[in-house]
Structures are given as structure tokens and as C-alpha cells.
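Colleague: Take this structure, written in C-alpha cells, and hold onto it; I'll ask about it next.
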Amino acid sequence: MHTHSLPELAAGLREKKFSSRELTQHYLNRIAALDGDINAYVTVTPERALAQAAAADALIAAGKAGPLTGIPLGQKDIFCTKGVRTACGSKMLDSFVSPYDATIVEKLDAEGMVMLGKLNMDEFAMGSSNETSYYGPVKNPWDKTRVPGGSSGGSVACVAAGLAPIATATDTGGSIRQPAALTNLTGIKPTYGRVSRYGMIAFASSLDQAGVVARSAEDAAYVMQAMSGFDPKDSTSVDRPVDDLVSGLGHSIKGLTIGLPKEYFADGMAPGVRALVEQAIETLKGLGVRFKDISLPNSPLSVPTYYVVAPAEASSNLARFDGVRYGHRAEGAKSLGELYERSRGEGFGAEVQRRIMIGTYVLSHGYYDAYYLQAQKVRRLIYDDFKRAFADGIDLVLSPTATDVAFKFGDKSDDPVAMYLNDIYTIAANLAGIPAMSLPCGFVDGLPTGFQLMGNFFSEARMLNVAHQFQQATDFHKQWPTEFAS
Ligand code: GLN
């Protein structure tokens, strides 16, 4: 059952080949048998899941099912879930049980989806390997000596290993796309403002977006459709109708123009990855896509710009964790100052503390103009590069997603800069606010890699359609890590 696509699962439920309870139990059994080793889930919620499944079965029996009714999913543990611990990969929130649901949790519940549990992640979504999680690293199902990518490491590992058919994820600088590339999945980060951030624990508010990781663009389209839309509870959410992502999948892509930015194809990419991305370009040419060389001259500045903007926002967002209202509280502090210091010192891990210090520094008097203001100006230039390309008739931009296949545990964890450079191809889309996705394009020595599509604002439907057409012509996305296929 776990190798079925979402439309196949929906058909199976509708035709009573299996019930949602049976489907849910199948996944719960797999989690019990296989996740001990992978560590994708930090919390499994069998009772909640089986109750949701029973409700879904009743809807199906009454002929009131939608395309997602009764289908299980995993939720990244960054989304608040009422009555279920929401720890965000941090000791700080280890005992935090949210009193309310994030908007996307509410929306997916309302579609009749069944939440299997909460997924492991880098602490406060800061990381590219899932090694900063308080709950320990997640193993890559393709090679358990390697990282699954991050910060959505639990999300990708659970889908890649068949421990959920689909999962939610978030992307501040690449956390949906880089892990998707490293585990042979399709991951999409929509336009900033397309999906509500209400109830999604904030890392860098002007960059954070929720999306999904899936086994195909088609599966992703179904859940993105349900998650997207205006939310009055999020002032940055955009009041604009959602395109029909699912029926948008059938279009021909002949005559579309895709830009190849020379800065993204410079040195730095592993030769095996380059060859596969070039092969993907040839496949798209065969489908009638035209390619044009373009330049996004400021894109090499995106990593340094991000590492000013994101920590600045993080230092402000994380100021709320003071040991007073919720989260970890140090024992026996003798003054308020000591309570703050010790609660934060004990509750936050090393990477989070590093980001808070960088953020506080770049925002401090005397450095604000030199760093923060400067970074905001460069951010604008990066945005202008994309704007110019799209105004010049480029429909989408194509690039690699990650410089290489999954690396081994510990390879980069002692070198923050090497870790930060992981996101060299993904960060610009967050700084510009545009949608971007990653999809599988082959294997280097048995390890998967992917390529990235970036689009103009609100072009999710077009991007997903191009990905879908590519997936109709290729079968990379259908490959499973052997141990988890059966
Ligand atoms: N790897 C980047 C970071 O550590 C991006 C993380 C993300 O997208 N949440 O900040």
C-alpha cells in the first residue's frame, strides 16, 4: 500500500479496497517496525490517527470524501498541534503542548487527512543535515551512514522510507528542496505568503514558508492545493485565489522558455550531479522546452546575505523563549537575569546560540548599518535579478538543487561555513520570495540527486506542471531505497 500515489490511495479508499483505518494501521506498523533505526518521527500519535481514520471512513461511506480524505501524512514538528507536543527539534520546547492548531494543520484535518505524528527536524529549522536536532540525527533511507539533509530531515526520511505517503515541511533557505534532492523526493516551497505561517514556529519570518515533500509533483499538487490560501490570522498571507494546481498538471510544456543562470552552473557542483542536471535539461528539450542562458549577477551574494538577515530575524523571534511563559525553565535561579540566562543557555543548542549571537551582533548599534542594512540592500538586488529575468520572457529558472549527493554524518558538523554553503542554490528564492521546487533527476553511485525549478510569484501551477511532465517522461522519482520498498 505504501508504494501507491495519493490518487491511487484515494481510489483504493473510494472503491473500498481498504479502509482508512487499515491504511493508517499499515503505516503505524511500518513506523513501529522501521523508524527505530531512521528516527524520522519524534512523536507518533496512533490514537489521534485512528480516530481521524474512523471519521474519514464514515465520510467515505457517506459518499462525502474529497481527494485527500482518509490519507495519512506526517507533520513537521514546527507546526503547532493542539494537545500534541510541538518541540521544534529543541530541548527548549521538549515539554510544550500547543493549545491551538496551526492553520495548515486545521486545513489538512478539515480535508480528512490523518496525522500519523510529528517529524524530526533541525533545532528551530536551523541546519542542513538534521544533526542539530535535540532528538538526534535522522538517517537517510538511501544510505544510513549519511544525512537526509535538513532542516526537514524527518519529513523526507519518512516519505522516502514509506513511513507516510506525504509530509509537510518548511523552507527558510532550502529546507524543503535540499533534503528532497538528497532523498529522491519532490519538494515545493511556494511563493512567500501563499501558505499561512500562523502556528508555524518562526525562524526568520520574512523567509519562512511551508510546503510539502512528496513522491511526485502530482502528489505534491494535491496537498499544496489544500494548504494554500489567504489566512486573516497571518498578516503576511496574500489575499488572492489559489490556482487549480491539480487540473493544471495536464498542460503541454512545449514552447516554454527556461533560463539557465550561468552563476548556478559555475564551479562547485560535483561532476556526477552536473551530468545528471544536464541530462534533465536534455529531457526537457525533448518535451519542447526552450533554454536560454541568463545571468543572475547578484546570486553569489545570497549565502552571506542570508546569514545576516536570517540570524537577525531569528534573534528577535527567539527572544520570546525566556523561561517565563513557556518552554524550558532553569531550576533554582536567584534573579530574573539569571533565570533568562540559564533557561536560554540550557534550552538552546549550539547552532541556535550561534545564530542568536550573529543576529544580535548584526542588529546592534554601530553594526546595523554595516551589516543588516547592507544585507537588506543586497537582498533587493537579488530580487531585482529575478524580476528582470521574468520580465525578459523567462518562464522558469532551472539550476541544481544541491552541490552534491548526501554527505556522511559528521562530515560538516564541525565547520559551520561548509554546512551553510549547502544552500548556495536554494537561498536566493527565499530572499526573493519566489516559489521553487526540487525534483529527482538520477543517481550518483546509488545516491539520489535533484534539480531545482524557480518561478515567478504565484507560478506554482506552472512549476508543478513542468515537474509533472518531466516525471511522465522519466522514472527516477519511482525508485525506492531497496530496504524500504516491500
Ligand atoms: N540550512 C539553512 C539554515 O540552516 C536553511 C534552513 C531552512 O530552510 N529552514 O538556516
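Colleague: When 1/r is averaged over all different Cα pairs and the result inverted, which Kirkwood radius in Å belongs to region 188-296?
Modeller: When all Cα pairs of region 188-296 are included, the Kirkwood radius is 16.7 Å.
Colleague: Antiparallel versus total DSSP beta bridges in the chain: what percent is that, nearest 5?
Modeller: Counting only bridges with both partners in the chain, antiparallel ones make up about 70 percent.
Colleague: Please identify every one of the GluC sites (Glu not before Pro) in region 307-340 that sits in a loop by DSSP and has no more than 14 other beta carbons within 10 Å of its own beta carbon.
Modeller: Here the sparse-neighbourhood loop sites are E331.
Colleague: For K377 and D239, calculate 0.36 nm times their separation in residues minus their Cα-Cα distance, and state this gained length in nm to one decimal.
Modeller: 47.0 nm
Colleague: Let me ask something additional. Determine the relative contact order of the chain: mean sequence separation of Cα pairs under 8 Å and six or more apart, normalised by residue count, in whole percent.
Modeller: That works out to 18 percent.
Colleague: What spacing in nm lies between the two simple spin-label points modelled at A350 and R388, each 7 Å away from Cα in the Cβ direction?
Modeller: 4.1
Colleague: A follow-up question, please. Of S459, I188, A160, whose Cα points farthest to the positive end of the dipole of the chain (charges on the beta-carbon: +1 Lys, Arg; -1 Asp, Glu; origin at the Cα centre)?
Modeller: So the residue we want is S459.
Colleague: Sort E111, E22, E483 so that the residue with the fewest other Cβ atoms within 10 Å of its own Cβ comes first and the one with the most comes last. Please report the intermediate quantities before stating the final value.
Modeller: Numbers: E111 21, E22 15, E483 12.
Starting with the residue having the fewest Cβ neighbours, the order is E483, E22, E111.
Colleague: Would you mind giving the average projected area, over all directions, of the Cα convex hull of region 279-363 in nm² with one decimal?
Modeller: 9.5
Colleague: Can you give the helix-only mean residue ellipticity at 222 nm for the chain, where every DSSP H stretch with n ≥ 4 adds -39500 (n - 2.57) and the sum goes over all residues, rounded to the nearest 500 deg cm²/dmol? Don't jump to the answer; show the numbers that get you there.
Modeller: Details: 16 runs with 182 residues, N = 486.
Estimated from H runs of four or more residues: -11500 deg cm²/dmol.
Colleague: Now for a separate question. S95 to A319: FRET efficiency via 1/(1 + (r/R0)^6), r the Cβ-Cβ distance, R0 30 Å, to the nearest 0.05?
Modeller: Efficiency at R0 = 30 Å is approximately 0.90.
Colleague: Continuing with this model, one more query. If you find the alpha carbon centre of region 334-402 and of region 110-188, how far apart are they in angstrom?
Modeller: 22
Colleague: For the charge dipole of the chain, defined by +1 on Lys and Arg C-beta atoms and -1 on Asp and Glu C-beta atoms about the Cα centroid, which residue among I382, S399, P148 has the Cα displaced farthest towards the positive pole?
Modeller: Checked the options; the winner is I382.
Colleague: Do you know the relative contact order of region 167-228, to the nearest whole percent, from alpha carbon pairs under 8 angstrom that are 6+ apart?
Modeller: This gives 41 percent for region 167-228.
Colleague: Hey, another quick one. For region 127-259, what's the relative contact order in percent, using C-alpha pairs closer than 8 Å and at least 6 residues apart?
Modeller: 19
Colleague: Please give the FRET efficiency for S206 paired with E15, using the beta carbon to beta carbon distance and R0 = 41 Å, rounded to the nearest 0.05. Provide the component values of the computation, followed by the final result.
Modeller: On the way: r = 46 Å, r/R0 = 1.12.
My answer for the efficiency is 0.35.
Colleague: Express in nm, to one decimal, how much length is gained between F443 and A110 on full extension, taking 0.36 nm for each residue of separation and deducting their alpha carbon distance.
Modeller: Length difference between fully extended and current span is 116.1 nm.
Colleague: Rg over Rh of the chain, using C-alpha atoms and the Kirkwood radius, what does it come to?
Modeller: Result for the chain is an Rg/Rh of 0.95.
Colleague: Shape call for region 372-474 from the C-alpha gyration tensor, a ≥ b ≥ c root eigenvalues: rounded (a/c under 1.5), prolate (a/b greater than b/c) or oblate?
Modeller: On the way: a/c = 3.05, a/b = 1.08, b/c = 2.82.
Here region 372-474 falls in the oblate category.
Colleague: Could you compute the FRET efficiency for A330 and E22, with r as their C-beta to C-beta distance and R0 at 51 Å, rounded to 0.05?
Modeller: Working from the Cβ atoms, E equals 0.60.
Colleague: At most 11 other Cβ atoms within 10 Å and a DSSP loop assignment: could you name the trypsin sites (Lys or Arg not before Pro) in region 1-77 that fit?
Modeller: Hits after loop and neighbour filter: K16, K64.
Bear in mind these aren't lab numbers, they're just calculated from the coordinates by the rules spelled out. From a predicted model like this one, the values you see are computed outputs, not experimental measurements. Cβ atoms come from the backbone with ideal geometry, glycine included; neighbour counts cover every protein chain shown.
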